[in-house]
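Worksheet: the structure to be examined is printed underneath.
The values are calculated or read from the model by the stated rules, or taken from the named source; none is laboratory data. Just so it is clear, the structure is predicted and the values come from calculations on it, not from any experiment. Cβ placement follows ideal geometry from the backbone for every residue including glycine, while neighbour counts extend to all protein chains displayed. Surface accessibility is based on the protein's heavy atoms, side chains included, excluding ligands, DNA and RNA. Shrake-Rupley method; radii C 1.70, N 1.55, O 1.52, S 1.80 Å.
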Amino acid sequence: MTMDLFVRQGAQILFVVAMAPLLSGWVRQCRAWLANRAGAGLLQPYRELFKLLRKQPIVAHDASALFLATPYIVFTVMVVAGAMVPMITTRLPLAGAADAVVLAGMFTFARIFAALAAMDLGTAFGSMGARRTMLVGFLAEPALLMVLFTPALISGSTSLVVIVRELAHHGVILYPSMVFAAAAYVMVTLAENARLPVDNPDTHLELTMIHEALNLEYSGRYLALIEWGSAIKLFVYIGIGAALFFPWGIAQDRGLDALLIAYALLATKLAVAGIGLAMIETLVAKLRLFRVPEFLGTAFLLAVLGLLVRFLFGH
């Protein structure tokens, strides 16, 4: 039975790592369709990753070991986060470590290393991107924690496994507090994953880029790991949102049928979330950098309102 659990854990890790670029390609393709364009296809992210992995990386002479190690650290942290989140089943060896606060800390850990690596070479764009990234993280993390505390109050625990089991056991119940939390979580997801309206992942304009400014000095396999880690991060954020706000279908027993259904339902949730993300990025314009604190302040306010509604009224 222990071997069966480790096989399921490995299957989830492979699913997250392999399907994360496909999710990014799906979002791109949906944006292309909404803009009445043909698009590059769902497999374009894989082609880009394979091309980068085959290229010889070019590294500055004064780059430190931190600069070289950061892509591996960021990629590993995102893979571990994807392995911990009970997005398919709650019976996983690492699922017990899926505490909401721990997950938020893991994202912060990866962000700190990315910012330090961007400042390592002393370039203007790298330092600018590091400052902007830390600003967004400083504003998004409190909102994320407030969002996670709302389902934690409902279930009585900050463990995602307990939260999923409790919310799935309640059935389809519309909690007003969870509506506020879901709206705030969408805004935090957009900010943390460098999506519109906070950032545009498809541009390299000097005055507007945030995430891309961190990666300008990377090439070859290092850039491939960074881009792959970013795709996994988006996958994990959507997986956390599905586990918190749409936990139905997540396997809670050892049956193979329930596991296959859980994989199919997760793929459906990811597809729907990709369409929603593409619609948001098509309909909204990018905010000025000085308006980002207002955007994330609104997310924090919505998250706190959800927490207060649950704490004061029990709904």
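In table form, for the structure just shown:
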| item | result |
| --- | --- |
| Residues that are open to solvent by 10 Å² or more (accessible area, probe 1.4 Å) and either of a type in the set (G, A, S) or at positive phi (or both), drawn from the range 129-151 | none |
| Subset of the range 107-128 [open to solvent by 70 Å² or more (accessible area, probe 1.4 Å) and over 20 Å from the mean Cα position of the chain (by Cα)] | L116, M119, A124, F125 |
| Evaluation of A271 against (1) in contact (Cβ under 8 Å) with a residue 60 or more places away in the chain; (2) not in a helix (DSSP H, G or I) (one fails), failing number | (2) |
| Within the range 40-54, considering residues that are open to solvent by 40 Å² or more (accessible area, probe 1.4 Å) and either outside any helix (DSSP H, G or I) or touching a Leu at 6+ places or on another chain (Cβ under 8 Å) (or both), the one modelled with the lowest pLDDT | A40 |
| Members of the range 72-94 found to be assigned to a helix (DSSP H, G or I) and over 22 Å from E141 (Cα atoms), listed by number | Y72 |
| Pair list, Cβ < 8 Å and 6+ apart or interchain, from the range 89-106 residues that are buried (at least 18 other Cβ atoms within 10 Å of the Cβ) to residues that are of a type in the set (K, R) and at pLDDT 85 or above | T89/R8; T90/R165; R91/R8; L92/R8 |
| Residue ID - farthest from R54 (Cα to Cα), chosen from residues in the range 209-232 that are under 19 Å from the mean Cα position of the chain (by Cα) and open to solvent by 30 Å² or more (accessible area, probe 1.4 Å) | H211 |
| Selected residue (only one of F290, F311 is part of a helix (DSSP H, G or I), within 30 Å of A35 (Cβ to Cβ) and over 19 Å from the mean Cα position of the chain (by Cα)) | F290 |
| Odd one out for V80, checked against (1) at pLDDT 95 or above; (2) closer than 19 Å to E212 by Cα | (2) |
| Condition check for Q29: open to solvent by less than 50 Å² (accessible area, probe 1.4 Å) and modelled with pLDDT of 95 or more | yes |
| Residue in the range 158-168 that is touching a strand residue (DSSP E or B) at 6+ places or on another chain (Cβ under 9 Å), modelled with pLDDT under 95 and open to solvent by less than 10 Å² (accessible area, probe 1.4 Å) present | yes |
| The listed residue being farther than 30 Å from K51 by Cα and either open to solvent by 30 Å² or more (accessible area, probe 1.4 Å) or free of Cβ contacts under 8 Å to residues at least 60 places away in the same chain (or both), out of D202, D257 | D257 |
| Tabulated pairs, the range 114-129, first more than 20 Å from V77 (Cα to Cα) and polar (S, T, N, Q), second in a helix (DSSP H, G or I) and open to solvent by less than 30 Å² (accessible area, probe 1.4 Å), C-beta under 8 angstrom, 6+ apart or interchain | S127/A118 |
| M178 vs. criteria open to solvent by less than 50 Å² (accessible area, probe 1.4 Å) and touching a helix residue (DSSP H, G or I) at 6+ places or on another chain (Cβ under 6 Å) | no |
| Of all residues making up the range 158-197, the number that are of a type in the set (A, V, I, L, M), within 24 Å of L94 (Cα to Cα) and without any contact (Cβ under 8 Å) to a residue 40 or more places away in the chain | 1 |
